[in-house]
1. Would you check if there is a residue in the stretch B:41-55 being over 19 Å from the mean Cα position of the chain (by Cα), modelled with pLDDT of 85 or more and not in a loop (DSSP other than H, G, I, E, B)?
2. Which of the residues spanning the stretch B:103-124 are within 7 Å of chain A (Cβ to nearest Cβ), in a loop (DSSP other than H, G, I, E, B) and either surrounded by fewer than 16 Cβ atoms within 10 Å (Cβ to Cβ) or in contact with a Pro (Cβ under 8 Å, 6 or more places away or on another chain) (or both)?
3. Starting from the stretch B:208-233, take each residue that is more than 10 Å from every other protein chain (Cβ to nearest Cβ) and surrounded by 17 or more Cβ atoms within 10 Å (Cβ to Cβ) and list its partners that are at pLDDT 95 or above and in a helix (DSSP H, G or I), counting only C-beta distances under 6 angstrom and pairs at least six apart or across chains.
4. Sort out which residues of the stretch B:54-102 are over 22 Å from B:Lys37 (Cβ atoms) and within 14 Å of chain A (Cβ to nearest Cβ), and write them in order of number.
5. Among the residues of the stretch A:42-84, which ones are crowded, with 19+ Cβ neighbours inside 10 Å and among the basic types (Lys, Arg)?
6. Surrounded by fewer than 16 Cβ atoms within 10 Å (Cβ to Cβ) and out of contact with any helix residue (DSSP H, G or I) (no Cβ under 6 Å at 6 or more places or on another chain), is that true of B:Gly162?
7. Is it true that A:Arg215 is assigned to a loop (DSSP other than H, G, I, E, B) and surrounded by fewer than 17 Cβ atoms within 10 Å (Cβ to Cβ)?
8. Could you figure out which of (1) closer than 25 Å to B:Gly162 by Cβ; (2) within 14 Å of chain A (Cβ to nearest Cβ); (3) modelled with pLDDT of 75 or more; (4) surrounded by 13 or more Cβ atoms within 10 Å (Cβ to Cβ) isn't true of B:Phe33?
Amino acid sequence: MKKSALLCAVAMLLTAAFAQTPRGGATATSPKSISGFWELHFDSQNVPPAALTAQAAAEDPAVQYKHDMNEIRWCHFFGVPHVMQSSPIDILQNVNGKEIVITTSLRNPGRHIYTDGRGHVNPDTFDSASNGHSIGHWEGDTLIVDTIGFSNEGPTQIPGGGRRTPDSHLVERYRLMNGGNQLSVTFTWEDPKIFAKPHTYEFRYYPAPKGTEAREFDCNASDEARAKYLLGAPGK
Amino acid sequence: MKNFGFLLVASAALSPGLLAQSVPAKLPDISGFWERKDDAGSGSFGGTLEKIPKASLKPEIIETNRQAQAQQQAGYVVSFGSRWCLTNMYPFFMQHSAAWDIVQTQDEIVLVPEVHTFARHIYLDGRKHPDAAVLHMTVNGHSIGHWEGDTLVVDSVGFSGGGGTPGGGRTSPNSHLVERFRLLDNGKRLSVTFAWDDPTVYLKPHTYELTYHKSAPDTYAFEEYCHADDPAQAGSVVEPPQK
């Protein structure tokens with residue numbers, strides 16, 4: 001009886017360990033596999049209001065809204081944080097452990113997260129990007145991703161308030177939960193002109209159904225009716 | 001030992017398929033950034049595509065190409081797609097000068113370009129193409145792949161069409177593409193053989209090979225913007241005919 005209980009316990013542990021692998025496997029330099037399609041559900045977002053600087057708090061929200069809608073109207077790259085609010089996202093951990101890529105259905109370059117030990121590129125020579133420049137490393141079972149080098153490209157509104165600027169610094173922490181049935185991503189933004197203190201929120205993604213496929217949401221800047229809809233008064 | 005063997009069997013039974021997924025197979029690692037170079041000494045980057053054999057095209061495609069060439073000679077050198085930064089259709093980024101990145105897992109490979117288009121997903125998990133009735137046409141098509149020895153074979157259908165293919169052809173919703181990815185020179189180069197079949201475009205399958213050089217290990221991706229609202233972009237697009 002005692003032995004069978006032990007067997008069951010170990011079997012369950014093994015099962016839980018393998019269940020944390022949605023697709024693909026852990027690599028030589030990453031202890032966990034977070035590869036696969038992940039989706040946001042209705043209860044996936046815990047986003048408290050950001051503590052903004054006086055300067056940022058005084059900004060007219062209508063200006064930010066107009067900026068973001070204009071970026072969407074012209075089919076500019078979306079970038080972070082917007083791509084992480086897309087669903088599903090597809091995370092691929094490269095077999096050699098040197099890179100992780102996150103793609104979405106948006107017409108947008110994938111997010112490249114370099115996990116080969118490199119540092120950030122020299123900001124003086126880096127062409128800023130909507131996704132910034134991201135490097136990552138594992139601390140135990142948590143993937144830490146550090147991103148700088150953002151451009152003003154794309155919608156820049158940050159969940160909870162504030163906006164992404166070229167001075168923004170983002171740290172994300174990716175961690176599997178509930179036996180691999182959820183992926184927690186904690187986002188912490190810092191930007192001296194925007195946030196009075198670091199702004200943290202958390203998304204919890206669920207594994208997308210087996211067989212999920214990437215879609216392509218195309219964008220046509222020459223479509224005048226679409227432009228009128230996006231920039232005009234709703235319902236008109 | 002005996003009990004441990006039982007545990008493995010039990011856990012495998014409880015998690016069908018998961019054990020297999022966690023065991024890395026010894027497959028070629030084709031991941032990383034790849035870029036085209038002028039290997040053939042064409043003298044210009046555009047010239048590298050001139051070396052590709054001409055496709056055997058249907059007469060109506062030849063006529064469409066002739067009309068397009070005549071328009072270009074008349075000064076219409078900027079296409080509607082370029083003016084409006086429309087999505088680059090596959091296989092555009094495979095012949096572009098910008099590097100593109102392969103990220104590889106056992107179940108999926110993604111090709112990530114820098115230009116304004118979508119990442120290309122190649123599923124290796126044994127799935128089939130969707131039935132034609134529900135197949136959603138896309139810029140990159142629907143791609144499934146498998147390994148034959150050291151060669152990745154990728155089969156694609158479901159292209160939305162409208163893209164050009166080297167050699168004078170184009171993509172259409174009827175296009176069927178088979179690609180073969182294979183490392184050369186101990187992984188320093190990557191050969192990709194493209195075989196296009198399309199009864200509305202080609203008289204016989206159109207096959208050509210492009211080779212790519214592995215980029216330096218510290219290569220990082222750019223984002224190649226195209227801003228249709230940028231005065232500089234619009235300024236380069238004077239109303240046709242352009243001189």
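1. No, the conditions are met nowhere in the stretch B:41-55.
2. If the condition is that a residue be within 7 Å of chain A (Cβ to nearest Cβ), in a loop (DSSP other than H, G, I, E, B) and either surrounded by fewer than 16 Cβ atoms within 10 Å (Cβ to Cβ) or in contact with a Pro (Cβ under 8 Å, 6 or more places away or on another chain) (or both), then B:Gln106, B:Glu114, B:Ala119 are the ones that fit.
3. none
4. Scanning the stretch B:54-102 gives B:Val78, B:Ser79, B:Phe80, B:Gly81, B:Ser82, B:Arg83, B:Trp84, B:Cys85, B:Leu86, B:Thr87, B:Met89.
5. A:Arg73
6. Against the criterion (surrounded by fewer than 16 Cβ atoms within 10 Å (Cβ to Cβ) and out of contact with any helix residue (DSSP H, G or I) (no Cβ under 6 Å at 6 or more places or on another chain)), B:Gly162 qualifies.
7. Yes; evaluated as a whole, the condition is true for this residue.
8. (1)
The values are calculated or read from the model by the stated rules, or taken from the named source; none is laboratory data. From a predicted model like this one, the values you see are computed outputs, not experimental measurements. Because the Cβ atoms are built from the backbone with ideal geometry, glycine has one as well, and the counts that use them run over all protein chains shown.
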